[in-house]
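I'd like to ask some things about the structure below.
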Amino acid sequence: MLTLTENATLVIKSITGVEGAPEGAGVRISQENPADPALAVTTTEAPRPGDQVVEEAGARVFLEQNAANALDDKILDAAVDDKGGVEFLLVPQPGAGRENGAAPTP
C-alpha cells in the first residue's frame, strides 16, 4: 500500500486544510489508462466510490483503482518550491519488487 513521508503529510494537510474546506477533504490520485504512467492529482472533498483511502497523521489520499495498483509499492513525498508550487515525488518502498525478502542477485 502507498505510504506517505512526513513532508507529504504536511503538504497534503496544508493544501486540504484551508479555511472553509470540508472535514475529511484530501488529495485524489487517478490514472486514466493503466498502460499510461501519467497520474492526475487533484484536491477533493471526499473519496469516490471504489477509491482506496490512505490516511496518515491527518493527511488523506484517495487512490482511484488503477492508481492504487500502480502505487502499491511506492512512497509519496512532497516539497514546496520558492513560489509555493507543490511537487510530488514517488519512490519505491525499500525491498519493493523482491519476493520473500530475498536480496537482489548481482
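Bear in mind that the values in this text are calculations on the coordinates, not laboratory data. Given the structure is predicted, the values throughout are model-derived calculations rather than measurements. Every residue, glycine among them, receives a Cβ derived from its backbone with ideal geometry; neighbour counts consider all protein chains shown.
Hey, what number do you get for the chain at 222 nm if only DSSP H runs of n ≥ 4 count, each worth -39500 (n - 2.57), divided across all residues, to the nearest 500?
Taken over the chain, the calculation gives -4500 deg cm²/dmol.
So if each residue of separation counts as 0.36 nm, and I subtract the Cα-Cα distance between residue 57 and residue 14, what length gain in nm does that give?
14.2 nm
Mind giving me the nanometre distance, one decimal, between the label points for residue 65 and residue 35, set 7 Å out from Cα along Cα→Cβ?
1.8 nm
Run through region 1-97 and list the GluC sites (Glu not before Pro) located in a DSSP loop whose Cβ has at most 16 other Cβ atoms within 10 Å.
19, 23, 32, 45
Using modelled backbone amide H atoms (1.01 Å from N, in-plane), which distant-in-sequence or interchain residues come within less than 5 Å of residue 60's amide H?
It is 27, by chain and number.
Still on this structure, please answer the following. Based on the alpha-carbon gyration tensor of the chain, what equivalent-ellipsoid semi-axes (square roots of 5 times the eigenvalues) come out, in whole Å, largest first?
Value: 26, 16, 13 Å, ordered largest first.
Need one number: nm distance between label points at residue 89 and residue 5, each 7 Å from Cα along Cα→Cβ, rounded to one decimal.
Each label point lies 7 Å from its Cα, and together they span 0.5 nm.
Let me ask you something else. Any idea what the dipole of the chain comes to, in debye rounded to 20, about its Cα centre with Lys/Arg Cβ at +1 and Asp/Glu Cβ at -1?
Roughly 100 debye, rounded to the nearest 20.
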